[in-house]
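The values are calculated or read from the model by the stated rules, or taken from the named source; none is laboratory data. In this text the structure is predicted, and so the values were computed from the model without any measurement. In this analysis, Cβ positions are derived from the backbone assuming ideal geometry, glycine residues included, and neighbour counts consider all displayed protein chains.
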Amino acid sequence: MRMFDSPGSLLPAALTLAAVIGLIWLAGRIVGWGRFTPRPGAARRLSVQEVLAVDTRRRLLLVGCEGRRVLLMTGGAQDVVLGWLPDRPETPP
């Protein structure tokens, strides 16, 4: 039993494949216009500045939020805010 009996039966398969690829491309363009992706040049208000593995389950994260920084511990029994860091590092006298 052959899948394609004649070259004419290959045409609908090729057109269906082209339609599916076109729909995938169109969906990608629509998502790019939406709010799912950040716009180029837009200021980001939230960023993960550093991540440190404490052990196999827990992570220590330094997160920036509108110019301030907060230290978070995640991955244990519960996530914990360890505290906000000072705006400016203290300079020794």
So, in region 1-34, exactly how many residues are modelled with pLDDT of 75 or more, more than 34 Å from the chain's Cα centre (by Cα) and loosely packed, with under 10 Cβ neighbours inside 10 Å? 1
Please count how many residues of region 54-89 are surrounded by 11 or more Cβ atoms within 10 Å (Cβ to Cβ) and assigned to a strand (DSSP E or B). 17
(1) part of a helix (DSSP H, G or I); (2) at pLDDT below 90 all hold for residue 37 apart from (1)
Pull out all pairs, ordered by first then second residue, where Cβ-Cβ is under 9 Å, the residues are six or more apart or on different chains, the first lies in region 49-74 and is within 13 Å of residue 86 (Cα to Cα), and the second is aliphatic (A, V, I, L, M) and in a loop (DSSP other than H, G, I, E, B). 62/85; 68/85; 69/85; 70/85; 71/85
